Amino acid sequence: MKNIVLTGFMGAGKTEAGRELSRILGWKIIDVDDEIVKAQNMTINEIFSKLGEPAFREMETEMIRKVSQNRSVIISTGGGAVLRQENMEILREHGVIICLRAGPETILRRTKDNNERPLLQVEDPIKRIKELLEFRKPFYEKADIMIDTDEKTPFHIAEEILERMGWKR
Ligand code: S3P
């Protein structure tokens, strides 16, 4: 079976929807960021501040390559993984790419109490969210399936993913 790959901006609900999918399908969920944190023994903030974003992006591609060797798993990617064509090619080889989409206000609400996202540790996070969303939009739209998550629970998002994939009984 193909893997289910979750992409989308920070706060789009990848982790929560991934957990629901994992529960429904009985498939393992692999979070690329968590795997990087374990492998480096550093938090994402530490990696960004000590080694820089380019180093993080290298680690991300390497980890995507590694976790894509699995089959029948859910792979939850970081919000910037879509920016590299190479990442998308690796993920698509054995996976269906699902992009979760949310509006800037929803993203702010879902991310504001968590300081583990270095790109959003700025004075005006909503402005930054809007700028990044605008720039990344064409990259997110390369997914096989796009799903809106505003006002939806993780369970409903998971159900919609399965329905859109034609897997819902
Ligand atoms: C990033 C998203 C984060 C994490 C890193 C960079 C991004 O993952 O990979 O902070 O560039 O959008 P989440 O989308 O899981 O928050």
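Annotations for the structure displayed:
- Under the span-like rule (Cα at least 27 Å along the axis, Kyte-Doolittle mean at least 0.0), DSSP H helices of the chain: none
- Helices in the chain, meaning DSSP H runs of at least 4 residues, each add -39500 (n - 2.57). Divided by all residues, the mean residue ellipticity at 222 nm is -14500 deg cm²/dmol.
- Of all lysines in the structure, the ones whose alpha carbon falls short of 30 Å from that of Lys127, not counting any fewer than 8 places away in one chain, are Lys14, Lys50, Lys112, Lys137, Lys142, Lys152.
- Excluding ligands, DNA and RNA, the accessible surface per residue across the stretch 53-169 is 55 Å² with a 1.4 Å probe.
- Cα-based Rg / Dmax (Å) for the stretch 89-160: 13.7, 40
- Each peptide in 111-123, 94-106 was scored by the mean count of other Cβ atoms within 10 Å over its residues; highest first, the order is 94-106, 111-123.
- Cα gyration tensor, the stretch 120-169 - rounded (a/c under 1.5), prolate or oblate: oblate
- Accessible-area composition of the chain, carbon plus sulfur, in percent [1.4 Å probe]: 49
- For the stretch 61-118, the square roots of the Cα gyration tensor eigenvalues, ordered a ≥ b ≥ c, give a/c of at least 1.5 with a/b greater than b/c, which places it in the prolate category.
- Directionally averaged projected area (convex hull, Cα atoms, the stretch 38-169), nm²: 8.8
The values are calculated or read from the model by the stated rules, or taken from the named source; none is laboratory data. The model shown is predicted, which means the values in this text are computed figures rather than measured ones. We place every Cβ from the backbone using ideal geometry, glycine too, and count neighbours over all the protein chains shown. Note: areas computed on protein heavy atoms with side chains; ligands, DNA, RNA excluded. Shrake-Rupley method; radii C 1.70, N 1.55, O 1.52, S 1.80 Å.
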